[in-house]
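Peer 1: Sharing a structure with you now.
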Amino acid sequence: MPILLPNEPEFPDDGGAERAVWEALRAYLPADALLVAGQRIQDDEVERELDLVVAWPGVGLAVLEVKGGMVAREEGAWWQGSGEARHRIDPVGQAQRGRHALQDLLGARRVEGSHARAAHLVAFPHTYVPASWAALDLPRALVVDRADVEDGPAVVARVRRAILEHGQGRTPLASVEGVLRVLDPVLTGDADSPEAATVHELRSDQLTKDQAGMLDKLRAFPRLRVVGGAGTGKTYLALEQARRRAREGDRVALLCYSRGLAAYLQAFTAAWPARERPAYVGLFHELPLRWGAEPGSDDDGDYWERRLPLRLAELADEQPGSELFDTIVVDEGQDFGELWWPGVLRCLRDRAHGRLYVFMDDNQRVFPRDGAAPIDLPPVELDENLRSTKQIAQLFGSLSGTVLRPRGADGPPVRVVDVPAEDAVRYADTVIDQLLDAGYAPGRVALLTTGRRHPVQVERVGSVGYPGYWGEFLAGDDVFYGHVLGFKGLERSVVVLAVNGLRDAARARETLYAGLSRARSLLVVVGPRALVVEHGGEGVARRLAAAQDITTAVLADG
């Protein structure tokens, strides 16, 4: 059996077409070959999906485009399906473009195999194609049909012949090592590398975008609460829902609580066409200020928790209808206090029936608030982590009271530096230096604290203010220094979590959950392991037992 990537592919709902070809190739390809299913490649602004890829040492590369169901070619055009479902397709063009994207990717990475012979084929596993059939753009030798799939070895023979007789390139493929290093660094021991992080994150980004289709099924509901753990795609769905409602002509407000998340939402929506942008994007508590509320000081809790939300309700009553909203979308809704929700409803033109969509994660209630969104319908639940590697998702998922299924790729083990809380920041700085020396770009790395803020964060906020500080994060040019409480809803490829104390013992578990879930590809926990286990429980203890302890190496450098 060949090397499989992934080991258990998820095939589309195409009547079993891709699976049938994959199973035939899996059964008869040699053990040193590589069989890849559903490989996505970013080709400039276009994403290509390669149904199947074969990398065959001594032979070359093949990209197979699979089309199931009824397929026909008439008057130079390809068609799929029958009756009203019949539609035009371009299997040859898709196969060609997929092959070019793969060759360009391998060439850009300068790996072995970038100049190997490569061919593209089209597979019709549900259609018999006569041996005498031929087309100028697709010779019979480049077609896999139902008879080949049923035969089994014929598929492998067809792929080999296509590469040798029609492949473009100068040499046979020497080995699959270079292809593996690009498509899945984990399999070649490079899981802990910047390249591995890039591959994982491209995949998770696509998984998140694919999830947006669920909004089509929910469009009939004017009010919804969407609940999901960290990394389940809530922020992306909140953005997409706001965009869709604005496109439909609604006046939309997109609200959140955290400054950093607000900056991210504003930057993201600024790139949309004007007709798709919400009328207001930003902090809940800046909306009443925009309407004339008196500013308050950061240390006045009563102002933020009581006086300002009550003032918002008053100001909303004074606004003309043109200033109110048809739709309000709230991200990280668990941060909203009880008095905030009545004020939110007063901002709707139709308070009884206006659209309200709330995206939230109860596991991240790191602030002492217990507000409940005014929505009676049962919540829509998201239970798949799409953002983080399996190792990271399994660690923070063990802190959750719900089952969170990891959909990310395998990655490097979580790392642990077991030092006292008072030394956590110092040794976290050492880890940052080691990561940069290993080739991680500074803009992909964040150092987050759980107790006192890092001195660099204090200095940057004091120097450029919060707008400038979050602008630096969005620019992504340097290591970001932040606090767990201000980083909810945000992420970076690599997170070094400095457990330098826990401000609120009653919410220590939620604080750890928020901090451990911010990394996409590599997580390093610096601080007292015993403290993390104390508040995390048995699940965290088991996951940390499988972590890589790098304490000795870090202490030696620090």
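The values are calculated or read from the model by the stated rules, or taken from the named source; none is laboratory data. Keep in mind it's a predicted model, so treat the numbers as computed, not measured. Here the Cβ is made from the backbone with ideal geometry for all residues, glycine too, and neighbour counts use every protein chain on show.
Peer 1: Could you say whether any residue in the range 502-511 is in contact with a Gly (Cβ under 7 Å, 6 or more places away or on another chain), surrounded by fewer than 24 Cβ atoms within 10 Å (Cβ to Cβ) and either hydroxyl-bearing (Ser, Thr, Tyr) or free of Cβ contacts under 8 Å to residues at least 60 places away in the same chain (or both)?
Peer 2: The answer is yes, given that some residue of the range 502-511 is in contact with a Gly (Cβ under 7 Å, 6 or more places away or on another chain), surrounded by fewer than 24 Cβ atoms within 10 Å (Cβ to Cβ) and either hydroxyl-bearing (Ser, Thr, Tyr) or free of Cβ contacts under 8 Å to residues at least 60 places away in the same chain (or both).
Peer 1: Moving on. Got a sec? Which of 533, 499, 554, 524 is surrounded by fewer than 19 Cβ atoms within 10 Å (Cβ to Cβ) and either over 17 Å from residue 230 (Cα atoms) or not assigned by TED's automatic domain parsing to the domain that holds residue 437 (or both)?
Peer 2: Sole residue among the options that is surrounded by fewer than 19 Cβ atoms within 10 Å (Cβ to Cβ) and either over 17 Å from residue 230 (Cα atoms) or not assigned by TED's automatic domain parsing to the domain that holds residue 437 (or both): 533.
Peer 1: Would a scan of the range 3-13 turn up a residue that is polar (S, T, N, Q) and either farther than 21 Å from residue 127 by Cβ or not in a strand (DSSP E or B) (or both)?
Peer 2: Within the range 3-13 (the criterion being polar (S, T, N, Q) and either farther than 21 Å from residue 127 by Cβ or not in a strand (DSSP E or B) (or both)), the answer is yes, since at least one residue qualifies.
Peer 1: Oh, and also: Which residues, counting only those in the range 531-554, are under 14 Å from residue 419 (Cβ atoms), in contact with a strand residue (DSSP E or B) (Cβ under 8 Å, 6 or more places away or on another chain) and not charged (D, E, K, R)?
Peer 2: Answer for the range 531-554, where residues must be under 14 Å from residue 419 (Cβ atoms), in contact with a strand residue (DSSP E or B) (Cβ under 8 Å, 6 or more places away or on another chain) and not charged (D, E, K, R): 532, 550, 551, 554.
Peer 1: Scan 348, 324, 255, 308 and give me the residue that is in contact with a strand residue (DSSP E or B) (Cβ under 8 Å, 6 or more places away or on another chain) and closer than 27 Å to residue 363 by Cβ.
Peer 2: From the options 348, 324, 255, 308, the qualifying one is 255.
Peer 1: Any chance you could count how many residues in the range 406-437 are among the aliphatic types (A, V, I, L, M) and either without any contact (Cβ under 8 Å) to a residue 60 or more places away in the chain or not assigned by TED's automatic domain parsing to the domain that holds residue 526 (or both)?
Peer 2: Summing the residues that are among the aliphatic types (A, V, I, L, M) and either without any contact (Cβ under 8 Å) to a residue 60 or more places away in the chain or not assigned by TED's automatic domain parsing to the domain that holds residue 526 (or both) in the range 406-437 gives 1.
Peer 1: Is there a residue being of a type in the set (A, V, I, L, M, F, W, C), part of a helix (DSSP H, G or I) and closer than 26 Å to residue 546 by Cβ anywhere in the range 396-417?
Peer 2: Yes, that holds for at least one residue.
Peer 1: Going by what's in this entry, would residue 267 be described as surrounded by fewer than 20 Cβ atoms within 10 Å (Cβ to Cβ), at pLDDT below 90 and within 26 Å of the chain's Cα centre (by Cα)?
Peer 2: It is false that residue 267 is surrounded by fewer than 20 Cβ atoms within 10 Å (Cβ to Cβ), at pLDDT below 90 and within 26 Å of the chain's Cα centre (by Cα).
Peer 1: Additional query: Counting just the residues of the range 99-116 that are in a loop (DSSP other than H, G, I, E, B) and in contact (Cβ under 8 Å) with a residue 12 or more places away in the chain, which one comes out surrounded by the fewest Cβ atoms within 10 Å (Cβ to Cβ)?
Peer 2: Step by step, filter the range 99-116, then rank; the result is 115.
Peer 1: Next up: Among the candidates 282, 249, single out the residue that is surrounded by 16 or more Cβ atoms within 10 Å (Cβ to Cβ) and either of a type in the set (A, V, I, L, M, F, W, C) or assigned by TED's automatic domain parsing to the domain that holds residue 323 (or both).
Peer 2: Matching residue, one of 282, 249: 282.
Peer 1: Sticking with this one: Can you name the number of the only condition in (1) aromatic (Phe, Trp, Tyr); (2) touching a residue at least 40 places away in the same chain (Cβ under 8 Å); (3) within 19 Å of residue 223 (Cα to Cα) that residue 264 fails?
Peer 2: Every condition holds for residue 264 apart from (3).
Peer 1: Hey, another quick one. Being in contact with a Ser or Thr (Cβ under 7 Å, 6 or more places away or on another chain), farther than 25 Å from residue 557 by Cβ and of a type outside the set (Lys, Arg) narrows it down to one residue among 485, 502, 490; which is it?
Peer 2: After ruling out the rest, the residue left standing is 502.
Peer 1: A further question on this structure: So, in the range 433-453, of the ones that are under 30 Å from residue 507 (Cα atoms) and crowded, with 20+ Cβ neighbours inside 10 Å, which residue ends up modelled with the lowest pLDDT?
Peer 2: My answer is 444.
Residues are listed down the side, and each one gets a yes or a no for (1) buried (at least 17 other Cβ atoms within 10 Å of the Cβ); (2) modelled with pLDDT of 90 or more:
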| position | (1), (2) |
| --- | --- |
| 12 | no, no |
| 15 | no, no |
| 31 | no, no |
| 35 | yes, yes |
| 41 | yes, no |
| 46 | no, no |
| 49 | no, no |
| 60 | yes, yes |
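Peer 1: A further question on this structure: Which numbered condition trips up residue 7, out of (1) surrounded by 15 or more Cβ atoms within 10 Å (Cβ to Cβ); (2) more than 30 Å from residue 170 (Cβ to Cβ); (3) out of contact with any strand residue (DSSP E or B) (no Cβ under 8 Å at 6 or more places or on another chain); (4) not charged (D, E, K, R)?
Peer 2: (1)
Peer 1: While we're looking at this one, here's another question. Taking the stated definitions as given, is residue 534 among the acidic types (Asp, Glu) and at pLDDT 90 or above?
Peer 2: It is true that residue 534 is among the acidic types (Asp, Glu) and at pLDDT 90 or above.
Peer 1: Suppose we filter the range 322-341 for residues that are part of a loop (DSSP other than H, G, I, E, B) and surrounded by fewer than 17 Cβ atoms within 10 Å (Cβ to Cβ); how many remain?
Peer 2: The total comes to 1.
Peer 1: Name every residue in the range 342-372 that is among the aliphatic types (A, V, I, L, M), in a loop (DSSP other than H, G, I, E, B) and at pLDDT 75 or above, in order of residue number.
Peer 2: The one that is among the aliphatic types (A, V, I, L, M), in a loop (DSSP other than H, G, I, E, B) and at pLDDT 75 or above: 352.
Peer 1: Anything in the range 40-73 that is in a strand (DSSP E or B) and of a type in the set (Lys, Arg)? List them, or say none.
Peer 2: 40, 48, 73
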